[in-house]
Structures are given as structure tokens and as C-alpha cells.
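We did not get these values from a lab; they are worked out from the coordinates using the rules stated. The structure displayed is predicted, hence computed values, not measured ones. Every residue, glycine as well, gets a Cβ built from its backbone with ideal geometry; the counts of neighbours run over all protein chains shown.
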Amino acid sequence: MKSLQVRKGDTVEVTKGKDAGKRGKVLKTNPEERKLIVEGINRSKKHVRPSQSNPQGGVVDWELPIDASNVMLLCPGCERPTRVKRVRKGRKSFSRVCAKCEREF
């Protein structure tokens, strides 16, 4: 199984689906299912009954997971969606590099 090229805290742009073109910060990753939860992307509403933790109840807005293949990482240098290259730094360590401008993430 390949590892995800996107990590928690990265800024990504959605390339496919109803939220195509929107940008957001990665809140959570799930490498086993190749899913990401991105801030402000793939939002859904859930009706919640009043309880002790939420005495008012009502409609709650929350983000659903999106497939990792539907997003591209934004380069901090050129501010464009880009593919990621892995460059070997030492014997066992790698760094992520922008494929367009060669800047390290």
C-alpha cells in the first residue's frame, strides 16, 4: 500500500467533485482508506436531538471524508496545485518537493 503524499496541516485544492476549485487545510488523514478530512470541504448537515452535551439540539454542520485522489497539494512557493516528488535526504529520510518549482515542503 502506498503512503499518502498529503499530511495533516497541509493546504490542498480539490480537483474533482462538487467542491472542485476550493482550497482548505487537511484536518485528519486515514491512510488505510486513502481518505482525508479537509476544512470547509464536503460539508454535510446532521439533525441532532437535544441532550445533556447539546441542550439546544438543532442542525450541526460537519465535514465528511474525501478521497485522496481528488485533491492536489498546494505548493507554498508557487501557490499552485502540484504533484509531489520524494527526494532522499539521508540514508533513510526523504523530503517532499514541489514537482514544478523544486521547493521543499
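For segment 75-91, the set of residues classified as loosely packed, with under 15 Cβ neighbours inside 10 Å and closer than 17 Å to A20 by Cβ consists of R80 only. Kindly evaluate P76 against the criterion of being touching a Lys or Arg at 6+ places or on another chain (Cβ under 9 Å) and not hydroxyl-bearing (S, T, Y). Considered against the rule, which asks whether it is touching a Lys or Arg at 6+ places or on another chain (Cβ under 9 Å) and not hydroxyl-bearing (S, T, Y), P76 comes out as yes. Do we find that S3 is within 19 Å of V84 (Cα to Cα), outside any strand (DSSP E or B), among the small types (G, A, S) and free of Cβ contacts under 8 Å to residues at least 60 places away in the same chain in this structure? Criteria met by S3. Answer yes if at least one residue in segment 67-74 is small (G, A, S) and surrounded by 13 or more Cβ atoms within 10 Å (Cβ to Cβ), and no otherwise. Yes, segment 67-74 contains at least one residue that is small (G, A, S) and surrounded by 13 or more Cβ atoms within 10 Å (Cβ to Cβ). Listed by first and then second residue, the pairs with beta-carbon distance under 6 Å, at least 6 apart or on different chains, first residue in segment 31-59 and free of Cβ contacts under 8 Å to residues at least 12 places away in the same chain, second among the aliphatic types (A, V, I, L, M), are N54/V48; G57/V48. Looking only at residues of segment 59-84 that are in contact with a strand residue (DSSP E or B) (Cβ under 7 Å, 6 or more places away or on another chain) and polar (S, T, N, Q), we find that the one that is nearest to S44 (Cα to Cα) is N70. Of the residues making up segment 31-68, those that are under 11 Å from the mean Cα position of the chain (by Cα), among the charged types (D, E, K, R) and assigned to a loop (DSSP other than H, G, I, E, B) are R34, E39. I want to confirm something. Restricting to segment 21-66 and keeping residues that are more than 21 Å from C98 (Cβ to Cβ) and either of a type in the set (G, A, S) or in contact with a Phe, Trp or Tyr (Cβ under 6 Å, 6 or more places away or on another chain) (or both), which single residue is surrounded by the fewest Cβ atoms within 10 Å (Cβ to Cβ)? Among those residues, the one meeting the criterion is S53.
If I filter segment 69-85 for residues that are touching a Phe, Trp or Tyr at 6+ places or on another chain (Cβ under 8 Å), part of a loop (DSSP other than H, G, I, E, B) and either in contact (Cβ under 8 Å) with a residue 24 or more places away in the chain or of a type in the set (D, E, K, R) (or both), do I get at least one hit? Walk me through it before giving the result.
First, the residues of segment 69-85 that are touching a Phe, Trp or Tyr at 6+ places or on another chain (Cβ under 8 Å): 73, 75-76, 84.
Now drop any that are not part of a loop (DSSP other than H, G, I, E, B), which leaves 75-76.
Then drop every residue that is not either in contact (Cβ under 8 Å) with a residue 24 or more places away in the chain or of a type in the set (D, E, K, R) (or both), which leaves 75-76.
Yes: segment 69-85 contains one or more residues that are touching a Phe, Trp or Tyr at 6+ places or on another chain (Cβ under 8 Å), part of a loop (DSSP other than H, G, I, E, B) and either in contact (Cβ under 8 Å) with a residue 24 or more places away in the chain or of a type in the set (D, E, K, R) (or both).
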